[in-house]
Amino acid sequence: MTFKTLAIAFGLLIATGIALILSWAAPRQVNSAAEQPPTQLNTASALEQLLQQRLQHPETAEAIDAQIHDQFVETHAILVLDSSGFSRISQEQGIISALAEIERMRGTVLPVIAARQGSVFKIEVDNVYAVFPTVELAIAASNAMIRQVAPLQKHISIGIGYGELIMISRDNHYSDVYGQQMNLASKLGEDLAGRDEVMLTEAAFQQIDPVAANGEANWDLLQTEISGLQISVYKQRPTPHSLEGSAPLRPPAAIPSLAPQTGG
């Protein structure tokens with residue numbers, strides 16, 4: 001091998017080494033789509049943009065509605081919980097004591113919801129809003145929460161709906177929900193259900209077996225009026241435990257006529 005050949009080989013070796021060093025030192029680039037964080041499509045801002053487009057271009061309403069449905073709509077059981085006594089405690093003991101009692105209630109019910117596959121998306125003062133995969137899970141969580149708050153001398157009222165809902169997310173968590181079943185569940189939980197009562201919308205009732213293991217019905221059918229429309233709702237028959245220390249049950253005739261609820 002001549003000196004010239006050795007020089008060429010040595011030069012190639014040096015060049016290869018430099019190239020390897022540069023490749024190691026260069027910052028690594030993400031070149032796989034799987035390594036990119038997923039783009040969240042069902043955010044509040046995304047829905048607002050689509051609604052603005054719908055208003056500005058009415059001729060595209062059908063296409064935008066279909067896009068909103070594909071991008072935002074999911075089917076869930078929805079639970080709305082309202083705790084009683086907030087106004088009374090705030091008047092008798094002050095707002096700080098009332099807020100402390102609400103915090104105690106939340107600390108009791110939130111683990112129960114999570115243990116039954118529920119996802120809390122909103123908490124407003126003494127109200128808790130959550131979605132579940134099934135109505136059965138929502139009912140199981142409701143009954144467990146009623147039992148859990150009883151030793152605290154607390155009482156809750158719960159409404160449950162089921163159906164398609166517009167789901168808004170933030171940071172990979174549900175942050176708000178819109179839909180007819182959300183509105184109805186809110187009316188049941190906040191206005192119709194008494195202390196330690198669970199009420200279902202018609203759509204939610206259709207998802208369950210209403211007969212107990214002993215062959216007796218678990219639910220009573222009630223008729224009420226919302227926005228001028230007669231609708232059916234179902235109240236769970238109370239157990240001796242739930243009646244203990246509870247207020248007298250309201251008869252069906254006492255159910256008020258309700259105004260429509262806008263938004264979630």
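Restricting everything to alpha-carbon atoms, can you work out Rg to Rh for the stretch 73-252 with a Kirkwood hydrodynamic radius? All intermediate terms of the calculation are to be shown ahead of the outcome.
On the way: Rg = 15.8 Å, Rh = 16.6 Å.
That ratio is 0.95, to two decimals.
In whole Hz and in residue order, list the ³J(HN,Hα) couplings for the stretch 119-136 that follow from phi through the Karplus curve 6.51 cos²θ - 1.76 cosθ + 1.60, θ = phi - 60°; x for Gly and Pro.
10, 6, 10, 7, 10, 10, 6, 9, 10, 10, 10, 8, 10, 9, x, 9, 5, 4
Hey, what do the phi angles of the stretch 217-225 turn into as Karplus ³J(HN,Hα) couplings, whole Hz, using 6.51/-1.76/1.60 and θ = phi - 60°, x for Gly and Pro?
Along the stretch 217-225, the couplings run 6, 9, 10, 10, 7, 10, 10, 9, 10 Hz.
Taking Cα centroids, how far is the stretch 39-59 from the stretch 217-240 in Å?
The stretch 39-59 and the stretch 217-240 have Cα centres separated by 37 Å.
All of the numbers you see were taken from the coordinates with simple rules; none came from a lab. All of these numbers come straight from a predicted model, not from anything done at the bench.
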